[in-house]
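Working notes, structure below.
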Amino acid sequence: MIETELGSLRRSHYSAELDSSKDGTNVTVMGWVLTVRGHGNISFVTIRDKNGDIPIVAKKGNCPDEIREKLSSLKPHSSISISGIVKASEKSPSGFEIIPSEIRVFSEVKKIPPFEPLAKTVKNIDTRLEVRPIDLRRKVLQDIFKARSQVLTSIRDYFNEQNFTEINTPKIIATATEGGAALFPIFYYNKEAFLAQSPQLYKEQLTMSFEKVFEIAPIFRAEPSRTNRHLAEAISIDLEEAFVDYNDVMNRIAEIIKISLSAVNNYVNKNPETEFIIPKMPENIPQYSYDALVEKMEKAGVKIEWGDDLYPTNLKKIGLEGFYFIKDWPLGPKPFYVKSSRSNPKLSESFDLMFGDLELSSGSTRIEKRDELEERMKNKGMKTDAFEYHLGAFDYGMPPHAGCGIGLERLIMALTGTENIRDVTFYPRDIDRLTP
Ligand code: AMO
């Protein structure tokens, strides 16, 4: 009888803890079946665990027939444990193999997945997304998500070292904050509410009490577009800081890019077979004013009027590559909370961080005076009554403040050379996808 329950059995070693020096040791390993090969009296099975691969060799005569037969009947992806003895082996690429004396088959695979576990590329992304938990076992995606996890850790470490407080703000909200982006309406008891497009107003308010705050959380955008860079639910790294302006925030972003890049480089150094295209970090991230880029575009024959957005196709035409900032955008299209430039009221103290033609972040100095904020809202045709919950805070000493939001998925795309945002998202949500 082959046991199928975990019971009190526990793993003794991960793959990374095994090598030829463990020759003769009794071990219990656990994981999923990567490959199965058999030639009559011998079965070769590879198990993959969190860290890597473990070769199992079951030969007639040195392990029970029942175990050998069970191993050779397994399909890839089955979840199993093997207890046995480590044997140093020059034939094995890892320098050892395990001779099994016990097997437990926790979950046996019933279906053949639509692609091989070792497939490097699978053309149709929808085929993969339909079986996402299996897709995520592939090495290319393991590398992306493990590197992503380390980038997040290093960003959190940065904020902690810099004395920021981690916050969580409501994701069910009453009013829009980002003019251009569409909202998802929801039923909230007997009222209409929305999923938050951004933690914007709450992170601003929290600078009154905590001065330096950050949040890493989902934002929701009812994007009607089908592109490789838009999600309906994305993760935003938001920061907000009191007594600084947009120049200080751009300096922080440069530091965040630097530490994120070094987290990815560290990952690749430890996992040299990783196939990322990692960008170079310039000594200083170049800054271009909106005005300067409009002029460049005009010279390159682009039809553009002052005040127009700078579209990716036009940015490509003027050959901008790598990381750079576009700053001092026209005030008109910017959200109501963005402060105007004191030297030219048509401009704003705002910036976007770009990577080639991909926007990674936007940020600005914010308005801290209630009168100015209300006037901006009225000019934009907004109903100030609906924002009293926010405006009221400005009656109690709002500090000057600035901040930004960095799209985590887009940052990871830039750091790893990934083309499709869905490949850096565990379970992407877009106009066509609500499951799995
Ligand atoms: P913005 O709307 O520019 O600014 O968003 C900030 C960053 O979030 C990412 N992002 C997205 N990523 C994937 N799919 C989407 N649909 C999507 N929408 C946005 C981008 C973008 O640069 N409140 C301001 C930020 C601030 O000023 O602090 C805001 O939300 O990388």
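The values are calculated or read from the model by the stated rules, or taken from the named source; none is laboratory data. What you see is a predicted model, and the numbers here were worked out from it, not measured in a lab. With ideal geometry, Cβ positions are generated from the backbone for all residues, glycine too; neighbour counts draw on all protein chains shown. For accessibility, only protein heavy atoms count, side chains too; no ligands or nucleic acids. Shrake-Rupley method; radii C 1.70, N 1.55, O 1.52, S 1.80 Å.
Cα centroids of the stretch 164-236 and the stretch 368-428: 8 Å apart.
From the cross-link list K316/K339; K258/K339; K212/K299, which pairs have alpha carbons spaced over 31 Å apart? Display every interim value, and only then the final one.
Numbers: K316/K339 29 Å; K258/K339 27 Å; K212/K299 42 Å.
From the list (K316/K339; K258/K339; K212/K299), the Cα-Cα distance tops 31 Å for K212/K299.
Full extension of the segment from N344 to N190, taken as 0.36 nm per residue of separation minus the current Cα-Cα distance, would add 50.9 nm. Per the Cauchy relation, a quarter of the hull surface: what is the mean projected area of the convex hull of the alpha carbons in the chain, in nm²? For the chain, averaging the hull's shadow over all directions gives 26.7 nm². Looking at the stretch 320-427, the GluC sites (Glu not before Pro) that sit in a DSSP loop and have at most 12 other Cβ atoms within 10 Å of their own Cβ are E321, E419.
With 18 Å as the limit, the listed pairs K22/K60; K59/K91; K75/K110; K334/K380; K50/K87; K203/K346 have K22/K60; K50/K87; K203/K346 beyond it between alpha carbons.
Rolling a 1.4 Å probe over the protein chains gives T435 an accessible area of about 90 Å². A DSSP coil position with no more than 15 other Cβ atoms inside 10 Å describes the following trypsin sites (Lys or Arg not before Pro) in the stretch 298-367: K303, R342, K346. With R₀ fixed at 35 Å, the C-beta to C-beta distance from T227 to N62 puts the FRET efficiency at about 0.05.
Accessible area per residue (1.4 Å probe, heavy atoms of protein chains only) ranks I235, I172 as I172, I235, with the largest value leading. Over the stretch 15-107, accessible surface divided per residue gives 45 Å², non-protein components excluded, 1.4 Å probe.
Add -39500 (n - 2.57) for each DSSP H run of 4 or more in the chain, then divide by its residues: what number comes out at 222 nm, to the nearest 500 deg cm²/dmol? The partial results should precede the final answer.
Numbers: 11 runs with 117 residues, N = 436.
Computed ellipticity for the chain at 222 nm equals -8000 deg cm²/dmol.
Full extension of the chain segment joining K110 with D385 gains 93.1 nm, where the gain is 0.36 nm per residue of separation less the Cα-Cα distance. Here r is the Cβ-Cβ distance between K303 and A181 and R0 is 22 Å; the resulting FRET efficiency, rounded to 0.05, is 0.30. Going 7 Å from the Cα of N251 in the Cα-to-Cβ direction, what parts of the stretch 207-230 have a backbone nitrogen less than 17 Å from that spot? 212-213, by backbone N distance to the label point. Restricting the trypsin sites (Lys or Arg not before Pro) of the stretch 246-286 to loop positions (DSSP other than H, G, I, E, B) with no more than 13 neighbouring Cβ atoms within 10 Å leaves K280.
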